[in-house]
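Novice: Submitted below is the structure of interest, expressed as structure tokens.
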Amino acid sequence: MSKKVAVIAVNPVNGFGLFHYLESFYENKIAYRVYAIDETVDIKTNSGIELKADDVIANLKGKSADYDALVFACGDAIPVFAQHAGEARYQDMFAVINEFAAAGKILVGHCGGGLIFDIAGVTKGRKIATHPYVQANVKNGIATGKTSEIDGNFYTAQDENNVGEIIPALIEALK
């Protein structure tokens, strides 16, 4: 049976990280859908490239059974996250992360992804790699300072330049 991945993308998303995941899934014939953490499917990369996601985060709630993994594609929206954390789109994102974690699905993220998983409350005791600027904010998981970490079903990378360190193991887990 073919594996399927839900990719959630902030707006603006880091294109380098997002495209690394998508290209890897495409090359390995792993089905995926991209969900914008926004009210619209129109998103941009942090360099201004306009993209259309497949759907929005609100429509991913209740669908963890349809997927084998959840990827958090980080981007420039993270620095202003605290200002908007109470908005419906972010509450939907946390609901989705918790749903996937409760179902034991693979959780993948880079840059601030480990911190977002931590804020969602799903990293207790897990080793996670996260951007050096946010490591001190990790409260439940263990921010290791390494460029990448794989701890059980958690695959995290410090930033988009280190996504390639987790991709081979992720692809293997999804085959």
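Each reported figure results from applying straightforward, stated rules to the coordinates on display, with no laboratory input. Worth saying up front: this structure is predicted, and the values here are computed from it rather than measured. Using ideal geometry, Cβ is built from the backbone for each residue, glycine included, and neighbour counts are taken over all protein chains shown.
Novice: Among the numbered conditions (1) within 13 Å of the chain's Cα centre (by Cα); (2) over 21 Å from GLY141 (Cβ atoms); (3) not hydroxyl-bearing (Ser, Thr, Tyr), tell me where CYS111 comes up short.
Specialist: Among (1) within 13 Å of the chain's Cα centre (by Cα); (2) over 21 Å from GLY141 (Cβ atoms); (3) not hydroxyl-bearing (Ser, Thr, Tyr), CYS111 violates only (2).
Novice: Which of (1) within 15 Å of the chain's Cα centre (by Cα); (2) outside any helix (DSSP H, G or I); (3) more than 30 Å from LYS29 (Cα to Cα) is the odd one out, the single condition PHE81 does not satisfy?
Specialist: (2)
Novice: Report the residue count in the range 117-145 for those that are of a type in the set (Ser, Thr, Tyr) and assigned to a helix (DSSP H, G or I).
Specialist: 0
Novice: Something else about it: Could you please find all residues in the range 4-32 being in contact with a helix residue (DSSP H, G or I) (Cβ under 9 Å, 6 or more places away or on another chain), among the aromatic types (Phe, Trp, Tyr) and part of a helix (DSSP H, G or I)?
Specialist: Of everything in the range 4-32, those that are in contact with a helix residue (DSSP H, G or I) (Cβ under 9 Å, 6 or more places away or on another chain), among the aromatic types (Phe, Trp, Tyr) and part of a helix (DSSP H, G or I) turn out to be PHE16, TYR21, PHE25.
Novice: Restricting attention to the range 149-175, report how many residues are assigned to a helix (DSSP H, G or I) and in contact with a strand residue (DSSP E or B) (Cβ under 7 Å, 6 or more places away or on another chain).
Specialist: Total satisfying the criteria: 9.
Novice: Looking at the range 146-164, which of the residues that are buried (at least 20 other Cβ atoms within 10 Å of the Cβ) and free of Cβ contacts under 8 Å to residues at least 40 places away in the same chain is farthest from LYS124 (Cα to Cα)?
Specialist: Across the range 146-164, the extreme among qualifying residues is SER148.
Novice: Which one of the conditions (1) closer than 17 Å to ILE8 by Cα; (2) surrounded by fewer than 15 Cβ atoms within 10 Å (Cβ to Cβ); (3) of a type in the set (D, E, K, R) does ASP92 fail to meet, given that it meets all the rest?
Specialist: Of (1) closer than 17 Å to ILE8 by Cα; (2) surrounded by fewer than 15 Cβ atoms within 10 Å (Cβ to Cβ); (3) of a type in the set (D, E, K, R), only one is false for ASP92: (2).
The rows are residues; the columns are (1) hydrophobic (A, V, I, L, M, F, W, C); (2) touching a residue at least 40 places away in the same chain (Cβ under 8 Å); (3) in a loop (DSSP other than H, G, I, E, B).
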site: SER2; (1), (2), (3): no, no, yes
site: VAL34; (1), (2), (3): yes, no, no
site: GLU39; (1), (2), (3): no, yes, yes
site: GLY48; (1), (2), (3): no, no, yes
site: VAL71; (1), (2), (3): yes, yes, no
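Novice: Considering VAL41, VAL71, which residue is within 17 Å of the chain's Cα centre (by Cα), surrounded by fewer than 18 Cβ atoms within 10 Å (Cβ to Cβ), among the β-branched types (Val, Ile, Thr) and under 17 Å from LEU18 (Cβ atoms)?
Specialist: Step by step, each of VAL41, VAL71 is checked, and only VAL41 is within 17 Å of the chain's Cα centre (by Cα), surrounded by fewer than 18 Cβ atoms within 10 Å (Cβ to Cβ), among the β-branched types (Val, Ile, Thr) and under 17 Å from LEU18 (Cβ atoms).
Novice: Next question, about the same structure. Identify, please: which residue in the range 4-32 is touching a residue at least 40 places away in the same chain (Cβ under 8 Å) and among the hydroxyl-bearing types (Ser, Thr, Tyr) and is, among those, surrounded by the most Cβ atoms within 10 Å (Cβ to Cβ)?
Specialist: The selected residue is TYR21.
Novice: Okay, moving on. Just checking, how many residues over the range 1-48 are of a type in the set (Gly, Ala, Ser) and farther than 21 Å from ASN161 by Cβ?
Specialist: So the count comes out to 4.
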